[in-house]
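Visitor: Quick one: this structure, given as structure tokens, is what I'll be asking you about.
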Amino acid sequence: MGDFSLHINWANQIGSSAEEEDFLECIRDGFLNQYVEEPTRGQAILDWVLCNEEGLVSDLVVQSPLGNSDHNMVEFCIRMESDTVNSETRVLNLNKGDFEGMRRELARIDWQIILKGLTVEMQWQRFKDRMDELQKLFIPVWRKNKTGKAAQPWLTREIKDSVKSKEEAYKLARGSGKPEDWEKFRTQQRRTKGLIKRGDKEHGRKFAGNIKTD
């Protein structure tokens, strides 16, 4: 998949240049099917999804552009079979860590006594073991979700609602073609981008603050 920037008439399988005809020939030789049927930039289908296995690509939808891109997003599913492995992965929830309590506990430790007479390697292991104990005591963990990705703390309800409103505005503008509907979409697009940028910055600032103070 990708942006091929070739103006091929997919309905009739015709290219507008020798280069495009050669490319079409390569696609036929590879028994490839092209699945995007709606314009992805203006009135042209420039972004393609090619596959040589029937039924592998499904539920393809052309969505509104991401950010300031002048190309529409292409969303689709790839059908795959895989063995299910039951596993549980936990990650540290640093935003909810009790770093003040950890500092107090560290201040009570007499490192000279604990590390006295040990080699450098043994001192490092003793230090690491003690830090692991404190980490378990003062920093909670969370489970990764079903997709294998940790939750995004900056993805607030306001951002989710704004993304949904942007998609609805895009569908309305695309269906009506009215300039005023396209202007509403662009306004909502800018608002959504601003919310995402602000949310990501605020989360990064908070996380950096915790690291700096702790």
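Visitor: Identify, by number, the condition in (1) open to solvent by 50 Å² or more (accessible area, probe 1.4 Å); (2) acidic (Asp, Glu); (3) outside any strand (DSSP E or B) that residue 20 doesn't meet.
Guide: (1)
Visitor: May I pose another question? Tally up the residues in the stretch 46-55 that are open to solvent by 30 Å² or more (accessible area, probe 1.4 Å) and in contact (Cβ under 8 Å) with a residue 24 or more places away in the chain, please.
Guide: The first filter runs over the stretch 46-55 and keeps only residues open to solvent by 30 Å² or more (accessible area, probe 1.4 Å), leaving 50, 52-55.
Those left that are additionally in contact (Cβ under 8 Å) with a residue 24 or more places away in the chain: 50, 55.
So the answer is 2.
Visitor: If residue 155 meets every condition in (1) closer than 30 Å to residue 190 by Cβ; (2) at pLDDT 90 or above apart from one, which number is that one?
Guide: Answer for residue 155: the failing condition is (2).
Visitor: Suppose we keep only residues that are free of Cβ contacts under 8 Å to residues at least 12 places away in the same chain and within 30 Å of residue 93 (Cα to Cα) within the stretch 155-203. Which one would you say is least open to solvent (accessible area, probe 1.4 Å)?
Guide: Among those that are free of Cβ contacts under 8 Å to residues at least 12 places away in the same chain and within 30 Å of residue 93 (Cα to Cα), it is 194.
Conditions (1) aliphatic (A, V, I, L, M); (2) out of contact with any Lys or Arg (no Cβ under 8 Å at 6 or more places or on another chain); (3) at pLDDT 80 or above; (4) closer than 26 Å to residue 174 by Cα, marked per residue:
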| site | (1), (2), (3), (4) |
| --- | --- |
| 5 | no, yes, no, yes |
| 18 | yes, yes, yes, no |
| 29 | no, yes, no, no |
| 38 | no, yes, no, yes |
| 61 | yes, yes, yes, yes |
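Visitor: Filter the stretch 23-40 down to residues that are of a type outside the set (D, E, K, R), under 15 Å from residue 62 (Cβ atoms) and not in a strand (DSSP E or B) and give me whichever is most open to solvent (accessible area, probe 1.4 Å). Steps first, please.
Guide: Applying the first criterion (of a type outside the set (D, E, K, R)) to the stretch 23-40 yields 23-24, 26-27, 30-36, 39-40.
Filter once more, so that each one left must be under 15 Å from residue 62 (Cβ atoms): 34-36, 39-40.
Those left that are additionally not in a strand (DSSP E or B): 35-36, 39-40.
On the way: 35: 52, 36: 2, 39: 33, 40: 0 Å².
So, considering only residues that are of a type outside the set (D, E, K, R), under 15 Å from residue 62 (Cβ atoms) and not in a strand (DSSP E or B), the one most open to solvent (accessible area, probe 1.4 Å) is 35.
The values are calculated or read from the model by the stated rules, or taken from the named source; none is laboratory data. The shown structure was predicted, so the numbers you read here are calculated from the model rather than taken from an experiment. We place every Cβ from the backbone using ideal geometry, glycine too, and count neighbours over all the protein chains shown. What goes into the accessible areas is simple: the full protein's heavy atoms, side chains included, and nothing from ligands, DNA or RNA. Shrake-Rupley method; radii C 1.70, N 1.55, O 1.52, S 1.80 Å.
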